[in-house]
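For reference, the structure is listed below as structure tokens.
Each value in this text was obtained by applying a stated rule to the coordinates, not by laboratory testing. Nothing here was measured: the structure is a model prediction, and the numbers come from that model. Backbone-built Cβ (ideal geometry, glycine too); neighbour counts: all protein chains shown.
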Amino acid sequence: MTGTVAGGSATPGTAAGGSATPGTAAGGSATASTVAGGPAAAGPTADRSRRAVLAAAAASLPLLAVAGCKGIGALATPPRPAPDVALLRAAIAAEELMIARYDAVIARSPGLAAALRPLRAEHRLHLAGFRSRLIVPPGSAAAGAASPAPASSGASPGASGAPARTAAAISFLQGAERVAAADLLRRLTAVSPSLAQLMASVAASEATHVAALAAVRGGGRT
Amino acid sequence: MTATTVRRATAAEVSAMQAALAAEHAAIYGYGVAGAHLTGTDLTAATSDWVAHQVARDSLQAMLRAAGATPVAAAVAYRLPRPVRGAVSAISLAVTLEDRVASAYLGLVAGSSPGIRKFGARQVIAAAIRAAAWRGRTVAFPGFSDRALSPQG
């Protein structure tokens, strides 16, 4: 018998599995914020419809309260947010911090910009991937907390510590990449399967950045 | 209860491990082909990666047996995605092999056992590092990139 090296799509529900479970994490439709399952590419439509459902659910709460509806007791206990939400927020904050660190290093060492921009671009994709899975109903209290401070360039903690010397700046970024990857690895056992896959893939990308940064320092390729 | 007890893998986990093992078998075969067209540091790297895939294969076979499953066997031969005629196509094959392996290990990351998830994630990382070295650049989502992977008959 022969097999296919490239192929045989031997991976049902693996990489594609990222898109296979949109319903799992998003199951609790009443949560203040929830997690979408699909990969970034499949996001928009699913996001929009779920967003609409969530928005509608949120909007209906005050009406029920005013009406003194009998069923209000069922709403007295705030829904418990899925564990994915907290870990997703942590992952989002971590990516924002990584981008801020690259911003800071590029600002201090313009000579590194050409080499560092592609890596920063990948972090932006990571950030978009994580954000696409976090759904916050517009106007909800949680909406403001969706994007913590670090996005605002040099003022963020950690980014301000970017060294001026080239070698030190590269080491600084390498250390940050290692920590970010290790954090994702540690957290991916506690989240839904599809989010775990995204976290593993992002951790892998960050691990490759460490070697790519070494090549930048060595004046090698990349 | 005891820490040493091997947790019984779910059917989905066994299936994902078999898929990863099949990808490792293919990678071991593929590196054999690629290595024949490489020299110098590229050959050294290909040999090192070939060994890494054999080690991973052994781990998966042991995990499957511990789970009470029979590990899938390697095929006698594999169709290559493209003919390998020199160093450039050999390196391209290595990239494809690593992408497929990373993708297969993402299946383990979807497992329910923390140990299997972590094993899968570490292998995704290892494959991504090898792929980036062959590719000469990094990608944002290792294992999720399916470009250029369509099997050819």
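Summing +1 for each Lys or Arg and -1 for each Asp or Glu, what net charge is found among the other residues whose Cβ lies under 10 Å from the Cβ of A:F130?
Spelling it out: positives minus negatives among the neighbours equals +1.
Taking 7 Å along the Cα-to-C-beta vector as the label spot, tell me the A:L125-B:R82 distance in nanometres, rounded to one decimal.
The two pseudo-label positions are separated by 1.9 nm.
Shape of region B:26-128 from its Cα gyration tensor (a ≥ b ≥ c, root eigenvalues): rounded if a/c is under 1.5, otherwise prolate when a/b > b/c, or oblate?
The shape class here is prolate.
Quick one: order B:H25, B:H37 by neighbouring beta-carbon count within 10 Å, fewest to most.
The fewest-first ordering by Cβ neighbours comes to B:H37, B:H25.
Would you mind ranking B:D58, B:D42 so that the residue whose beta carbon has the fewest other beta carbons within 10 Å leads the list?
B:D58, B:D42
Which of B:V88, B:G35, B:G115 sits closest to the plus end of the dipole of chain B, meaning its Cα is farthest towards the positive end, when Lys and Arg get +1 and Asp and Glu get -1 on the C-beta?
In chain B, that residue is B:G115.
To the nearest 500 deg cm²/dmol, what mean residue ellipticity at 222 nm is calculated for chain B from DSSP H runs of n ≥ 4 alone, each contributing -39,500 (n - 2.57), summed and divided by the residues?
-22500 deg cm²/dmol
Report the local net charge at B:G120: Lys and Arg +1, Asp and Glu -1, summed over other residues whose C-beta lies under 13 Å from its C-beta.
Computed value for this residue: +1.
For A:D84, A:D103, what's the fewest-to-most ordering of other Cβ within 10 Å of each Cβ?
Starting with the residue having the fewest Cβ neighbours, the order is A:D103, A:D84.
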